[in-house]
Each structure stands twice: as C-alpha cells, then as structure tokens.
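Asks: One structure, as structure tokens, below. Some questions next.
The values are calculated or read from the model by the stated rules, or taken from the named source; none is laboratory data. What you see is a predicted model; the values in this text were computed from it and never measured. Using ideal geometry, Cβ is built from the backbone for each residue, glycine included, and neighbour counts are taken over all protein chains shown.
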Amino acid sequence: MKKIELVYRTIGERTSDIALNFAIKNINPYKIHIMENIKPFAKAMEKILSIDYEGDYIVFMDADCIIMENLQEFLKNNNHAYVDCFIMDKFRGTIHTGVHITRRDVVEEMKKIEISPDDIKYVLRPESRIRNIALENLGEKKAFKKFRIFHDFFQYYRDIFIKYAIRELRSRSKYKKEKLEFCMTNWRNNDLDYVLAKKAVKFTKEKIPIGTHAKQIAKYIEKLPNFADQQLTKLNIMEKKPLELQEVLDLRIAYNTLPDPNSDKKIFCIGLSRTGTKSLTVALYILGYNIIHYPSDEQTLKDLIEGNYNFSVLKDYDGISDITVSSYFAQLHKLFPNSKFILTVRNKEDWLRSFQKHWSDRPPFEDPTQNEIYMKVRRLLRASVYGTYKFNRDRMSYVYDLHKKNILDYFKNKPRSLLVLNIFNKKAWKKLTKFLNVPKPKSFQEFPNIKSNERLFQIL
C-alpha cells in the first residue's frame, strides 16, 4: 500500500475548513502538513520543501479546491512521477490547477534546485517553475487526470480580486492572454464574483505595465491584499459570510444532473503531421477545450496495438490531435457519433517541404531525446499512417491526397461533423468558431502558429 502525504496550503480562504475535511475523507493521507498564512507563495514553497517527507507520493493541494470524489483507488494504482489534476473552475472551465500529485523523488529533486529571485516565472508560479525543472532533470513528464474537484466557486470577494490580479500577470503571453479574454466574455455582470475578477484584471493592467521588472511585480503581489480591501470599500461591497456545507452540497447536486462530460461529444483533429495540428490544439485551448496532442504514453500504445479506439486518455481530455487519430476517423465516428472532426490542410508542396524537414531529425529507431514507449508509438503510427519509416516524396504525396479523399468521402453526407481548415487562411478563426458554435472574441487576430512541441507544452 502506498503512503500518501497531504500538503494543504491555506491563507484563510472561505473554503479552508470544508475543503480540508473533504480532502481527508477522499485522500485518506498517512500524514498531513498544513501550510497556514505563509505569504507570498514563494515563502510557502521554501517551507514546503524543508519538510522531510516519508510517503511514496505527496498531494499538494490549495484550500480553494474541494475534492468531490474518492481518489484513494487512483492513488493506490498511480505510478506517474507527477499528475496535474484537471478540475472544474468557476471562471475558466476545465483547467489543471490546485491539486498536484507528486512522487517523492521529484520533490527531493525540487529541493536541490537553486533559482534566481529575479526569475519572472518563479515570481509568478514558484511551485510550477521548480517542479518543471525537477521533472526535466529526472527525464520525467507530466501526466494529466480529470477529477470532480470544484475550484473557486465559493471564495471571498477579497481573494477573488487577488487571484485575478495575479491571473492577469500570468496571462501576458499571447495565447494565455487570448484564453483569459475569451473566458471573460462568458462572465455574467450579475455575479459579483465575475465583476470583482474583471476589476482586478483591469486594475493590474493599469498598475503594472508590460515589461515591469520581476522585483516590482513581487512587491505588487505582496501589496495585493491591501489593494483588494481598498477596492471592496470603494465599490461598497460587503464581504461574504462564512461558507456553509449546504452550499457545497447544492453545487454537487447541480453538477451531478449535468450530462456526462465523458460522453460521445469529442473533438478529433485528424490532419496529418505538419498541417497545423499543434496550432489547432492551441486554438481549441483558447476556446476552452483540453485537447491532447499526439499522446505517447504506455496506455495509448496499448490501445493502438489492440485496436481500442475508445482511447483511455479520452476519459480526461476533450479530444485528440495529430496522427494518433488521423487514420481512425471512421472508427472514432462510430464510437463518438456526436463528435466534431477537423481536417487541417495546407498547400501540398509547402507541406512536403515542411514534412521532409520534420522527419529529417526524427529517426525511427534510435533517438536519444525520447524514451522507448515514445519510439514504439512513433514507429507504429508511421507505419499505419504513412506506410514507411523514412521520408519518400512520392509516397507522402500519395498519402496526403488519399487521406484527404478518404475523409471527404466518408463525411460527404455528414457535413456538420467535419470542418476542413487551413490555419493559414485569414478566415480560419471565423470558420473554427462557427463550426463549434462558440463566439469569436474581438481580440483574436491571427490564428496560432505553433511549430514545436516545446512551444506547445509551454502554452498548455
């Protein structure tokens, strides 16, 4: 039996007591470490990393999360180095934040890392920054798992203001900014939580211009509690009363009546490699969908080998992009008949040049940058999709044409299920949002253009 320790971090959130009770019930930790009122978060991380852990895994959890399902079975069987949990957030939909399941060797590696206090990524997300370096040092990768966890549904107004002041600072890269702005279009003005969040975003934009030094940003974050109190007074907003358990139970009942999120409504990006599948993945992320690009884990390999196209990763994601699913559109449509399929295309000559370059430094048998499972997935998909392990211009040209023809023929009488999309077309955003029946925010200009896995992972 694995030993699980819980690190519970609270700064007096409205959910603190209730969230801790649910965590104890649903995790059943061997040992609990409570980090209380340690600010800023960088100082809390110093305290967290000073603990001598004994457990096999440590669940790091913020008090703004309420775990609404039993995690014990998952924790007993989990072997991932690090699991980032997909949760249900009031402001941003399904996101990964707040609850992190980390193997002890990763935590021990985190303790060894020295980082400059001027590192802006560390200032804004100290735990994430250190952990990412530790995972890289150990040659490990993140895994993601969806759980029924409520995040930020019941917070004090003061804490919401602080959170979204910091959220604006964390969203200053192009695509994260667009995602936040898209989320804000769905925030109702008759809900004070959303009103305060909008005020905080605007306040931070005015106070902290782009390019502000990390030290000044750190000072601003320290002062945010005072700024939040001032804004509540200025807006004549009375703070919420302490949280009652019945509020949480009512929300749980409401969510239990919703359709199963693991239904047959998925999104499959079935274009070939180098047709813009990474860029489409980011575009869908901005629109609130969590799509996994080219999954290469052991379970996905097993699913492919066994012909199980009800992929296990779909329990945790809204869909899959790239050649993991490109050849299996017919089987996927039968399994998920109400899903959306997006075929990315581009000028064929441009595609052939890009594709040849793409394969030139990705050998099929020995690649020191990848593990054995990844290489098995690479070979299996190259054989099944392209019929070859190495680039052959005539073969690739034939595959490109045949792939497009097969998809168009299959969906000929199902026009609402398929979108043919060229991401380089000026109307790409309009076509995508119309197909998915979601609004196109005014801030969107050019369609994302993501060329590397590294850039993709930075965004997602």
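Asks: Looking for something closer than 15 Å to Thr281 by Cα, among the aliphatic types (A, V, I, L, M), crowded, with 17+ Cβ neighbours inside 10 Å and modelled with pLDDT under 90 - is there at least one such residue anywhere in region 447-454?
Replies: Taking region 447-454 and keeping what is closer than 15 Å to Thr281 by Cα, we get 447-454.
Pick out the ones that are also among the aliphatic types (A, V, I, L, M) and you get 450.
Cutting the leftovers down to crowded, with 17+ Cβ neighbours inside 10 Å gives us 450.
Checking which are modelled with pLDDT under 90 leaves us with 450.
Yes, region 447-454 has at least one match.
Asks: Which condition does Met88 not pass, out of (1) touching a residue at least 60 places away in the same chain (Cβ under 8 Å); (2) farther than 30 Å from Leu284 by Cβ, if it passes all the others?
Replies: (2)
Asks: Would you list the helices (runs of 4 or more DSSP H) that sit entirely within region 369-453 and hold 3 or more residues that are farther than 21 Å from Tyr294 by Cβ?
Replies: On the way: elements: 372-381, 393-410, 428-436.
Fully inside region 369-453 and qualifying: 393-410, 428-436.
Asks: Could I ask something else about it? Please verify whether region 425-436 includes one or more residues that are over 29 Å from the mean Cα position of the chain (by Cα) and either surrounded by 13 or more Cβ atoms within 10 Å (Cβ to Cβ) or of a type in the set (D, E, K, R) (or both). Reasoning before the result, please.
Replies: Quick first cut of region 425-436, residues over 29 Å from the mean Cα position of the chain (by Cα) only: none.
No, region 425-436 has no match at all.
Asks: Would you tally the residues in region 34-74 being part of a strand (DSSP E or B) and either under 27 Å from Leu243 (Cα atoms) or among the hydrophobic types (A, V, I, L, M, F, W, C) (or both)?
Replies: Initial filter on region 34-74 (part of a strand (DSSP E or B)): 34-36, 57-62, 65-67.
Then keep just the ones that are either under 27 Å from Leu243 (Cα atoms) or among the hydrophobic types (A, V, I, L, M, F, W, C) (or both); that gives 34-36, 58-62, 65-67.
Number satisfying all stated conditions: 11.
Asks: Let me ask you something else. What helices (runs of 4 or more DSSP H) completely inside region 258-357 contain at least 3 residues that are closer than 23 Å to Glu178 by Cα?
Replies: Numbers: elements: 277-286, 298-306, 323-326, 329-335.
Helices (runs of 4 or more DSSP H) meeting the threshold: 277-286.
Asks: Within region 225-239, which residues are of a type outside the set (Lys, Arg) and assigned to a helix (DSSP H, G or I)? Write out each step before concluding.
Replies: Going through region 225-239, the residues of a type outside the set (Lys, Arg) turn out to be 225-233, 235-239.
Scanning region 225-239 gives Pro225, Asn226, Phe227, Ala228, Asp229, Gln230, Gln231, Leu232, Thr233.
Asks: Which of (1) in contact with a strand residue (DSSP E or B) (Cβ under 9 Å, 6 or more places away or on another chain); (2) touching a residue at least 60 places away in the same chain (Cβ under 8 Å); (3) in the same structural domain as Trp429 (by TED's automatic domain parsing); (4) of a type in the set (A, V, I, L, M) is the odd one out, the single condition Leu251 does not satisfy?
Replies: Of the numbered conditions (1) in contact with a strand residue (DSSP E or B) (Cβ under 9 Å, 6 or more places away or on another chain); (2) touching a residue at least 60 places away in the same chain (Cβ under 8 Å); (3) in the same structural domain as Trp429 (by TED's automatic domain parsing); (4) of a type in the set (A, V, I, L, M), the odd one out for Leu251 is (3).
Asks: Taking region 41-61 as the region of interest, how many residues are within 24 Å of the chain's Cα centre (by Cα), of a type outside the set (A, V, I, L, M) and surrounded by fewer than 22 Cβ atoms within 10 Å (Cβ to Cβ)?
Replies: 2
Asks: I'd like to check which helices (runs of 4 or more DSSP H) are fully inside region 99-151 and have at least 1 residues that are loosely packed, with under 15 Cβ neighbours inside 10 Å and assigned by TED's automatic domain parsing to the domain that holds Glu73. Give the derivation first.
Replies: Values: elements: 104-112, 120-124, 126-138.
Where helices (runs of 4 or more DSSP H) fall fully within region 99-151 and carry at least 1 residues being loosely packed, with under 15 Cβ neighbours inside 10 Å and assigned by TED's automatic domain parsing to the domain that holds Glu73, they are 104-112, 126-138.
Asks: Looking at this structure, is Lys265 under 29 Å from Thr433 (Cβ atoms) and out of contact with any helix residue (DSSP H, G or I) (no Cβ under 8 Å at 6 or more places or on another chain)? Walk me through it before giving the result.
Replies: Values: under 29 Å from Thr433 (Cβ atoms): yes; out of contact with any helix residue (DSSP H, G or I) (no Cβ under 8 Å at 6 or more places or on another chain): yes.
The answer is yes for Lys265.
Yes/no per residue for (1) among the aliphatic types (A, V, I, L, M); (2) in contact with a helix residue (DSSP H, G or I) (Cβ under 8 Å, 6 or more places away or on another chain):
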| site | (1), (2) |
| --- | --- |
| Lys146 | no, yes |
| Asn190 | no, no |
| Leu196 | yes, yes |
| Ala200 | yes, yes |
| Lys223 | no, no |
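Asks: Now for a different question. Give me the residue from region 115-140 that is among the acidic types (Asp, Glu) and within 24 Å of Thr212 (Cβ to Cβ) and, out of that set, modelled with the lowest pLDDT. Talk me through it step by step, then tell me what you get.
Replies: Of the residues in region 115-140, the ones among the acidic types (Asp, Glu) are 118-119, 127, 136, 140.
Imposing the further condition that a residue be within 24 Å of Thr212 (Cβ to Cβ) reduces the set to 118-119, 127.
Numbers: Asp118: 81, Asp119: 85, Glu127: 89.
If we take residues in region 115-140 being among the acidic types (Asp, Glu) and within 24 Å of Thr212 (Cβ to Cβ), then Asp118 is modelled with the lowest pLDDT.
Asks: Given (1) part of a helix (DSSP H, G or I); (2) modelled with pLDDT under 90; (3) touching a Lys or Arg at 6+ places or on another chain (Cβ under 8 Å), identify the lone condition not met by Arg252.
Replies: (3)
Asks: Name, by its number, the condition in (1) without any contact (Cβ under 8 Å) to a residue 60 or more places away in the chain; (2) within 30 Å of Ser327 (Cα to Cα) that does not hold for Gly288.
Replies: (1)
Asks: Which numbered condition in (1) surrounded by 14 or more Cβ atoms within 10 Å (Cβ to Cβ); (2) at pLDDT 95 or above; (3) of a type in the set (A, V, I, L, M, F, W, C) is the only one that Ile38 fails?
Replies: Only one criterion in (1) surrounded by 14 or more Cβ atoms within 10 Å (Cβ to Cβ); (2) at pLDDT 95 or above; (3) of a type in the set (A, V, I, L, M, F, W, C) is unmet by Ile38, namely (2).
Asks: Given the criteria of a type outside the set (Lys, Arg) and part of a loop (DSSP other than H, G, I, E, B), does Asn189 qualify?
Replies: On the way: of a type outside the set (Lys, Arg): yes; part of a loop (DSSP other than H, G, I, E, B): yes.
Answer is yes for this residue.
Asks: Here is a list: Arg416, Arg378, Arg393. Which entry is free of Cβ contacts under 8 Å to residues at least 60 places away in the same chain, within 28 Å of Gln331 (Cβ to Cβ) and in the same structural domain as Leu272 (by TED's automatic domain parsing)? Outline the logic, then answer.
Replies: Numbers: Arg378 fails: free of Cβ contacts under 8 Å to residues at least 60 places away in the same chain; Arg393 fails: within 28 Å of Gln331 (Cβ to Cβ).
Only one candidate qualifies: Arg416.
Asks: With the structure loaded, tell me whether Thr212 is among the hydroxyl-bearing types (Ser, Thr, Tyr) and exposed (fewer than 13 other Cβ atoms within 10 Å of the Cβ) or whether it fails that test. Walk me through how you get there before you give the answer.
Replies: Working: among the hydroxyl-bearing types (Ser, Thr, Tyr): yes; exposed (fewer than 13 other Cβ atoms within 10 Å of the Cβ): no.
Judged against the criteria, Thr212 is not a match.
Asks: What are the residues in region 309-342 that are under 18 Å from the mean Cα position of the chain (by Cα) and small (Gly, Ala, Ser), if any?
Replies: As a first pass, look at region 309-342 and keep what is under 18 Å from the mean Cα position of the chain (by Cα): 312-322.
Across region 309-342, the qualifying residues are Ser312, Gly319, Ser321.
Asks: Further question: Before we move on, is Ile24 modelled with pLDDT of 95 or more, farther than 15 Å from Val248 by Cα and in a loop (DSSP other than H, G, I, E, B)?
Replies: On the way: modelled with pLDDT of 95 or more: yes; farther than 15 Å from Val248 by Cα: yes; in a loop (DSSP other than H, G, I, E, B): no.
Here the answer is no, as Ile24 does not meet what is asked.
Asks: I need the full set of residues from region 179-197 which are under 15 Å from the mean Cα position of the chain (by Cα) and within 14 Å of Ala283 (Cβ to Cβ), in order please.
Replies: Lys179
Asks: Run Tyr400 past the list (1) under 30 Å from the mean Cα position of the chain (by Cα); (2) surrounded by 17 or more Cβ atoms within 10 Å (Cβ to Cβ) and report the number of the one that doesn't hold.
Replies: (1)
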